[in-house]
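The values are calculated or read from the model by the stated rules, or taken from the named source; none is laboratory data. Just so it is clear, the structure is predicted and the values come from calculations on it, not from any experiment. Here the Cβ is made from the backbone with ideal geometry for all residues, glycine too, and neighbour counts use every protein chain on show.
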Amino acid sequence: MLQRAFHSILLRRHFWRHATFSEISELYTSKLLRMVALNMSASFMSIYLYQQGVSLIAICLFWAAFFAFKAMTSLPIAAMIARIGPKHGILISNILFIPAMIAFALVPEFGLWLLAVVLVFQASSSTMFMISYSVDFSKVKSVNHAGKEIAYMNMVEKIATGLSPLVGGFLALFFGPQVVLIIAAVLFLLAALPLFKTAEQELPHQKLVFKGFPWRLIRGTGFAQLARGFDLYASATMWSLYVAVFIIGVTLSNDIYAINGILLSVVVFAALGASYAYGKLIDGRRGRELLRFATIANAFVHLMRPTIASPVSVAGLNAANEVATTGYSMAYTRGIFDDADLSGQRTTYMGVIDFLGSLGAATAAGIAALLLLFIDGQLAFSYFFYITAGVVLLILTARFPLYRK
């Protein structure tokens, strides 16, 4: 049903495209199901660990190890994707997430050693999915109207990002977080099924190619990609922890999951309108301006985080952050897809990009742990957000050939 709905939307608006409607609608459907599963669980993983008595420093170190492992495995996993094809990579990535969710649900019964299982399987799944999805979507996109297609994909993602934490939060409230993790595991398996109605777009049995690779494309976005990974960790993990611990107050009750879900759900309304408008700007050759203004707005949002003191203010800042992040992320993603085309080695390029993003997130988690080690908890978070505000401005250093045309 979901795939037919996406198919009809694309048929009316993209009759000029070269890829079939089924291929792009399959990606939309698969991404929606995966994001629902991911956000039902990921929105409260750090809070869940804190409830189990894990310190804030230990949580940050866990995520530092998680993203460091992602960085180390980016290129080996990219090589595997080149060999088996991105659709099969997405299927394997979803299957890998299932033992991660089950292990995480069993932490209270069997101990924190299971976090090592979570780290390995979830990090591998995340890396394999992001590279596979990026390779496949960059291959089937419409060259002339990629901005609009990125907008539709972003809408799909934000619907899931906005609503699934709400659903997951209330399920956790009434049935416990372990039930949500099991449901998420089932959804991960279902998410890959729509992809196999058509053949692989990117031919399998390939290898990563570094000899003659156009490294100038990586140099043009290297610092920006590191900053993007830093921003991802700050906006998701650190902000959720800050809100839960210092604004709402974490207790042994499951109420925190429902409240957190409500606060995260406000982004859906801000994101949908912004995504459509930004897509038109990108296709109207205004992507460079959008990238600049949205990045500066995002830095300002991080500066405001330590001043927030109430749930209502949290909801407002979440909406503002979504508008800013959506703007720079869509323009940046369009540039990345164009660079992938120019590279002539799409999978190799996406593997290197994923490595840099994971390295940026690992650096952010490591800095957060150091701050918490030497500075009082809430003040350490404040300093971290100030540092993030400066780091995200490095996104302005991105130099995409697309935006020089």
- Query: Of the residues that make up the stretch 279-290, is at least one surrounded by 23 or more Cβ atoms within 10 Å (Cβ to Cβ) and modelled with pLDDT under 80?
  - Reply: yes
- Task: Output the number of residues of the stretch 360-379 satisfying the condition of being surrounded by 21 or more Cβ atoms within 10 Å (Cβ to Cβ) and more than 12 Å from residue 60 (Cα to Cα).
- Result: 1
- Note on the structure: Counting only residues in the stretch 223-242 that are closer than 18 Å to residue 130 by Cα and under 11 Å from the mean Cα position of the chain (by Cα), the one modelled with the lowest pLDDT is identified as 236
- What are the pairs, 6+ residues apart or on separate chains, where a residue within the stretch 368-382 that is free of Cβ contacts under 8 Å to residues at least 60 places away in the same chain has its Cβ under 6 Å from a residue that is among the aromatic types (Phe, Trp, Tyr)? 371/383; 371/384
